[in-house]
1. For Ala99 and Leu54 in the same chain, what is the full-extension length gain: residue separation times 0.36 nm, less their Cα-Cα distance, in nm?
2. Compute the signed sum of charges (Lys and Arg +1, Asp and Glu -1) over the other residues within less than 14 Å, Cβ to Cβ, of Asn70.
3. Taking Lys2 as the anchor, which lysines have their alpha carbon closer than 28 Å to its alpha carbon, excluding any fewer than eight residues away along the same chain?
4. Percent relative contact order of the chain, based on C-alpha pairs within less than 8 angstrom and at least six residues apart?
5. Select from the range 25-122 those chymotrypsin sites (Phe, Trp or Tyr not before Pro) which occupy a DSSP coil region and have at most 14 other Cβ atoms within 10 Å, ordered by residue number.
6. Can you send over the carbon and sulfur percentage of the accessible area for the range 60-122, probe radius 1.4 Å, protein chains only?
7. Roll a 1.4 Å probe over the protein heavy atoms and report the accessible area of His87 in Å², nearest 10.
8. Taking amide hydrogens as modeled 1.01 Å from N in the peptide plane, which residues meet the under 5 Å criterion relative to Val80, leaving out close sequence neighbours?
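The values are calculated or read from the model by the stated rules, or taken from the named source; none is laboratory data. Here the structure is a predicted model, which is why all the values come from computation and not from measurement. FYI the Cβ positions are ideal-geometry reconstructions off the backbone, even for glycines, and counts take in every protein chain you see. The area values use the complete protein model at the heavy-atom level, side chains included, leaving out ligands, DNA and RNA. Shrake-Rupley method; radii C 1.70, N 1.55, O 1.52, S 1.80 Å.
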Amino acid sequence: GKKSGCVRGKGGSMHMYAKNFYGGNGIVGAQVPLGAGIAFAHKYKGDGGVNFSLYGDGAANQGQVAEAFNLAKLWDLPVVFICENNHYGMGTSQERHAASTEFFKRGDYIPGIHVDGMDILE
């Protein structure tokens, strides 16, 4: 990238940060507990903020994701977890990397819904 670009010459979306946008991460699924932490800060400060934490289906099997879900429910954090399921995690089909492919049901105790990104009004 260019030094004058949005990531100051660093490559990849993991270096994209701006006010209230915390970019990507070089570790699969690491943005999920980060999102829970930001939500904790919103609750602590009482500023009414909500964090939207996005991750891919390949990260859904990371232990840190389950831990973030647990703490979010336990502490009633203002966070929305969004799993972007393209049916492949790091090139491996979801049927080969996940015992349960209904990722929106993974939270057990946090509500989840399935939305088709190609037809969100469906």
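1. Once the chain is fully extended between Ala99 and Leu54, it gains 14.1 nm.
2. Local net charge: -1.
3. Correct list for Lys2: Lys10, Lys19.
4. 19 percent
5. Filter output for the range 25-122: Trp75, Tyr109.
6. Roughly 53 percent, rounded to a whole number.
7. Roughly 90 Å² of His87 is accessible to a 1.4 Å probe.
8. Asn51, Phe52, Ser53
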